[in-house]
Amino acid sequence: MRIGITGHRGLNHEVGAAVRGLLEAAVREQDAEDLIGVSCIADGPDAWFAELVLAHGGRLEVVVPAAEYRESLPEVHRPLYDELMSRASEVHETGMTASDPAAHMAGSEIVVGLVDQLFAVWDGKPARGYGGTADVVAHAERSGVALQIMWPEGASR
């Protein structure tokens, strides 16, 4: 099963811990031998999902939205980003340079195009900007990709 991830970044500790628990339970339900996780490995749910897939024995494919993507991520996240990149079985690129909303959406569209199912860490609200989680969910729905929404009950961003 090829599963992708999209989700809100910048979650507080409490919500982040709950989301990580939801992701862990969902990954554990998968057959590790057939599991391929597809992620842009941004800080937050993208990277947590990638770590969980690898810990479960699955494979990781990474989508890089732009040549400048790594530098646009928080500096504290870059060592984990580098580690996950080094463990990727395949890397897909958009060919874009600037790490902007258009590149992020293009990367997410590649993720959706590569998977059978998309895990969406989404609070159900509209995107705060182009390429946000709500936009990716809408793209997955239009594309007919199975969607599993994950959001802790009562949580807010």
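The values are calculated or read from the model by the stated rules, or taken from the named source; none is laboratory data. All of these numbers come straight from a predicted model, not from anything done at the bench. Neighbour counts are summed over all protein chains in view; Cβ atoms, including those assigned to glycine, are modelled from backbone coordinates with ideal geometry. The accessibility values were calculated without ligands, DNA or RNA, using every heavy atom of the protein model including side chains. Shrake-Rupley method; radii C 1.70, N 1.55, O 1.52, S 1.80 Å.
Things to note:
Residues checked against (1) open to solvent by 10 Å² or more (accessible area, probe 1.4 Å); (2) in a helix (DSSP H, G or I); (3) in contact (Cβ under 8 Å) with a residue 40 or more places away in the chain:
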position: Gly4; (1), (2), (3): no, no, yes
position: Arg9; (1), (2), (3): yes, no, no
position: Ala17; (1), (2), (3): yes, yes, no
position: Arg20; (1), (2), (3): yes, yes, no
position: Leu23; (1), (2), (3): no, yes, yes
position: Ala42; (1), (2), (3): no, no, no
position: Trp48; (1), (2), (3): yes, yes, no
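- Going through (1) more than 12 Å from the chain's Cα centre (by Cα); (2) closer than 17 Å to Val38 by Cβ; (3) surrounded by 17 or more Cβ atoms within 10 Å (Cβ to Cβ) one by one, Asp116 falls short only on (3).
- Residue in the stretch 123-142 that is in contact with a Leu (Cβ under 6 Å, 6 or more places away or on another chain) and surrounded by 15 or more Cβ atoms within 10 Å (Cβ to Cβ) present: yes
- Odd one out for Met85 among (1) closer than 13 Å to Ala47 by Cα; (2) of a type in the set (A, V, I, L, M, F, W, C); (3) in contact (Cβ under 8 Å) with a residue 40 or more places away in the chain; (4) open to solvent by less than 40 Å² (accessible area, probe 1.4 Å): (4)
- Filter result for Val91 (surrounded by 16 or more Cβ atoms within 10 Å (Cβ to Cβ), in a strand (DSSP E or B) and either at negative phi or in contact with a Lys or Arg (Cβ under 8 Å, 6 or more places away or on another chain) (or both)): no
- Subset of the stretch 63-82 that is within 18 Å of Gly10 (Cβ to Cβ) and aliphatic (A, V, I, L, M) - its residue that is surrounded by the fewest Cβ atoms within 10 Å (Cβ to Cβ): Val76
- Residue match in the stretch 93-104 (condition: touching a helix residue (DSSP H, G or I) at 6+ places or on another chain (Cβ under 8 Å) and either closer than 27 Å to Arg28 by Cβ or in contact (Cβ under 8 Å) with a residue 40 or more places away in the chain (or both)): no
- Only one entry of Gly124, Gly107 meets the criterion of being in contact with a Cys (Cβ under 6 Å, 6 or more places away or on another chain) and of a type in the set (Gly, Ala, Ser), and that entry is Gly107.
- For the stretch 25-35, residues that are closer than 16 Å to Gln148 by Cα and open to solvent by 10 Å² or more (accessible area, probe 1.4 Å) total 4.
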